[in-house]
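For reference, the structure is listed below as structure tokens.
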Amino acid sequence: MAELRETLGDLGMLCDPATERQVARLIAELDAHAPSITMVGQIKSGKTSLVNAMVGRPGLLPADVNPWTSVVTSLHVNERQAEGAPVASFQFFNGDEWDHLVSYGGRIGELSARAGANEELQKIHDQIAEMREKTRARLGRRFELLLGQRHDYGHLDDDLVQRYVCLGDDFDGYGQTDQQGRFADITKSADLYLKVPSLPVPLCLRDTPGVNDTFLMREQITIKSLRDSRLCVVVLSASQALSSVDMGLIRLISTLKSKGIVIFVNRIDELSDPASQLPDIRNSILTTFERLNGPKDPAIVFGSAYWANMALGGGFGAMARDSAETLRAFAAVTPGLQGADPTRRDVIWQMSGMPALLECLSERIAEDTGTRFLAHIRKRARNIVSGLRATTSVASMRLDGNAIDVMAPGPLAALLDQVEAEAHQHLNAELDRVFAAFAARVEQSHARFLDRALESLLQHLEQKGEDQVWKYSPDGLRMLLRTSHQVLRKNLGSTCVAVYGATANRLAQAYRQAVAVEVDGFTVTPPGPVEVPAPVSLGATIVLDLQTSLWQSWWRKRRGYRAYASGFHDLIAAETAPIIAELKDRQAAEIRQAAIARLADFLAEQRAILMDFVDKAHLSMHDLRSLFGISSQAERAGLLDLLYDELSWAEDADIEAEELTTREGTAA
């Protein structure tokens with residue numbers, strides 16, 4: 001990043017003001033790039049303590065939160081902000097979101113009502129009523145007015161954070177403006193901006209709610225966070241690394257690419273003998289993942305957020321006795337630390353696993369999202385240099401006394417309008433074809449799943465009757481939809497490569513139409529294809545996963561085999577409808593918009609380059625000499641050649657990265 005920024009800075013010094021602004025936008029994008037890392041795990045796995053340690057702020061985010069709190073906290077580390085922008089921002093649920101929770105009990109309430117499980121439904125309503133009354137008592141008449149609002153602050157401290165995301169039990173003695181956890185029940189998300197000098201680049205760390213949530217509210221929030229990230233840290237507790245409540249978590253992360261997943265096994269300080277236990281835990285994780293079709297060969301890091309926060313805070317002397325003895329014994333047999341003083345903060349930090357975790361994340365960013373981002377910036381910069389070389393070449397010819405026939409700006413603008421219209425029409429037509437095929441495949445997969453499930457139900461009834469509860473896994477549906485999504489990713493990538501490439505060729509033709517002479521070394525490099533987010537919504541809980549009286553209640557209420565079949569069809573169709581809609585409609589619309597936006601940005605940049613090229617070609621000889629100058633012309637051309645070479649050195653790596661992405665899509 002530093003090398004590319006330096007190259008862009010050199011390029012800016014060779015540009016006129018208009019082109020310099022294009023280069024400045026690339027530098028701004030480079031500086032603003034902040035890879036997103038989402039932290040997921042079950043409640044009490046230690047995610048929040050781990051995040052606190054990663055940013056060097058023990059106690060920043062409250063680790064012991066109210067089980068009702070469903071806040072995604074985004075830590076924007078080292079991100080640039082406008083002057084006067086807030087450093088802490090808290091968004092409340094809006095009225096519709098709150099009503100859905102308190103009126104229906106969220107998704108579990110919907111499932112209970114749909115299946116006729118009155119006992120579960122009443123239990124949920126009772127719990128929600130209790131929460132609602134406590135919230136109203138805490139916030140008073142302001143409650144309805146607060147829904148949908150955002151609170152912004154120009155400062156950040158622990159008390160402020162705990163006011164919004166940590167629920168206190170006793171509010172007596174606190175003022176109305178500083179009660180701990182006062183707004184916790186209605187806070188939906190928190191965005192905090194902080195500086196961490198030890199981290200070399202901007203990052204966005206998202207601390208999500210745990211996924212083992214009765215109301216499945218946290219699961220939906222975690223899914224949205226995962227959808228916006230390309231890197232995920234799964235935090236497990238060493239004492240129960242993969243207990244039954246983590247099955248939903250495995251479903252979620254199974255939708256992500258393996259290289260985008262890092263497993264952090266936390267709380268090794270609570271083990272009796274980490275040195276001998278960690279290999280068994282690793283093998284257990286890998287075996288479970290293999291059995292449940294989880295991530296293949298994930299990166300696994302062992303550590304202790306507690307030790308990390310002790311290294312940053314109180315040190316060895318502040319540790320609990322058992323934890324300190326475990327650290328001492330483990331350090332004595334750890335390669336590279338044998339004989340080291342375990343009371344030293346740097347040794348505690350090393351034993352906490354934080355250096356290994358940060359190194360693993362660094363590698364993932366550098367090899368995946370970082371590489372693709374830099375390749376995208378390099379291609380755009382190379383196009384700017386290519387345009388400048390063309391301008392310089394034409395200027396040299398004119399300064400040498402050659403007459404050159406160059407298209408006037410008006411006709412050129414009309415030509416570019418035509419190129420842009422044709423490019424957008426071409427892309428939209430191809431996207432229509434890709435997404436229509438995807439929608440048909442998704443609907444076909446859904447129908448096939450329902451047919452197989454109904455056939456299984458009827459066979460069960462014929463063979464075992466109504467006394468035994470029939471169970472059916474929705475994993476087959478997930479597998480079919482995942483395959484459909486993988487085909488979409490492959491087809492979309494091929495479509496973007498073809499359309500963007502054809503558009504680049506058409507723009508190169510426009511250059512040749514604009515000027516009557518051949519310009520040496522002129523090329524137009526198309527942008528790379530847009531990245532398709534992982535289908536994390538496929539990991540959402542489906543009603544048939546719940547082996548409770550929900551299903552038994554539904555079973556008891558059926559009368560006659562046809563009622564079983566039609567009732568089940570309606571139940572599973574209604575439950576899976578949000579997943580189908582998410583894939584076919586919302587996610588497809590986002591991907592389409594991203595592909596169109598990338599084409600529009602490419603066309604806008606090329607228009608600016610070509611129009612500047614033509615404007616320079618129509619300068620008077622006096623202005624041309626003052627702008628370029630005969631003596632400096634050769635030197636400027638040589639510098640542009642050097643910059644083009646610098647921006648092209650990684651071209652083979654860029655192509656390799658794109659081919660790898662395509663191969664992954666094909667293999668999937």
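The values are calculated or read from the model by the stated rules, or taken from the named source; none is laboratory data. Since the structure is predicted, the reported quantities are computational estimates derived from the model, not experimental observations. Here the Cβ positions follow ideal geometry from the backbone for every residue, glycine too, while neighbour counts run over all protein chains shown.
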Scan of the stretch 361-396 for residues that are among the β-branched types (V, I, T) and under 17 Å from the mean Cα position of the chain (by Cα), ordered by number: I365, T369, T371
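Based on what the data block shows, is I348 more than 30 Å from E635 (Cβ to Cβ) and assigned to a helix (DSSP H, G or I)?
When the stated conditions are applied, I348 passes them.
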Of all residues in the stretch 351-370 being closer than 17 Å to K47 by Cβ and not hydrophobic (A, V, I, L, M, F, W, C), the one that is surrounded by the fewest Cβ atoms within 10 Å (Cβ to Cβ): G353
Residue in the stretch 255-269 that is at pLDDT below 75 and touching a Leu at 6+ places or on another chain (Cβ under 9 Å) present: yes
Which listed residue, of S244, S229, S239, S189, is modelled with pLDDT under 60 and not aliphatic (A, V, I, L, M): S244
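Given the residues F330, F373, F289, F302, which is the only one that is in contact with a His (Cβ under 8 Å, 6 or more places away or on another chain) and not polar (S, T, N, Q)?
F373
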Every residue from the stretch 305-338 that is without any contact (Cβ under 8 Å) to a residue 40 or more places away in the chain, among the hydrophobic types (A, V, I, L, M, F, W, C) and loosely packed, with under 13 Cβ neighbours inside 10 Å: A318, A320
Residue within the stretch 480-502 that is in contact with a strand residue (DSSP E or B) (Cβ under 8 Å, 6 or more places away or on another chain), outside any loop (DSSP other than H, G, I, E, B) and in contact (Cβ under 8 Å) with a residue 60 or more places away in the chain present: no
All positions within the stretch 417-442 that are over 28 Å from E605 (Cα atoms) and touching a residue at least 24 places away in the same chain (Cβ under 8 Å): A437, F438, A439, R441, V442
Test: residue in the stretch 513-527 that is assigned by TED's automatic domain parsing to the domain that holds A588, within 23 Å of the chain's Cα centre (by Cα) and modelled with pLDDT of 80 or more: yes
Odd one out for K379 among (1) touching a helix residue (DSSP H, G or I) at 6+ places or on another chain (Cβ under 8 Å); (2) in a helix (DSSP H, G or I); (3) farther than 22 Å from E20 by Cα; (4) at pLDDT 90 or above: (3)
Qualifying residue in the stretch 605-612 (condition: buried (at least 21 other Cβ atoms within 10 Å of the Cβ), at pLDDT 80 or above and either over 28 Å from L26 (Cα atoms) or not assigned by TED's automatic domain parsing to the domain that holds Y500 (or both)): no
Test: residue in the stretch 530-550 that is touching a Ser or Thr at 6+ places or on another chain (Cβ under 9 Å), over 26 Å from T38 (Cα atoms), part of a loop (DSSP other than H, G, I, E, B) and modelled with pLDDT of 80 or more: no
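Based on what the data block shows, is G370 modelled with pLDDT under 95 and either more than 22 Å from S36 (Cα to Cα) or in contact with a Lys or Arg (Cβ under 6 Å, 6 or more places away or on another chain) (or both)? Please lay out each step first, then the result.
Working: modelled with pLDDT under 95: yes; either more than 22 Å from S36 (Cα to Cα) or in contact with a Lys or Arg (Cβ under 6 Å, 6 or more places away or on another chain) (or both): no.
No: the conditions fail for G370.
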Close pairs from the stretch 519-548: first closer than 24 Å to A597 by Cα, partner at pLDDT below 70 and among the polar types (S, T, N, Q), Cβ under 6 Å, at least 6 apart: A534/T255; P535/T255; V536/T255
Of all residues in the stretch 468-479 being in contact with a helix residue (DSSP H, G or I) (Cβ under 7 Å, 6 or more places away or on another chain) and part of a helix (DSSP H, G or I), the one that is surrounded by the fewest Cβ atoms within 10 Å (Cβ to Cβ): G476
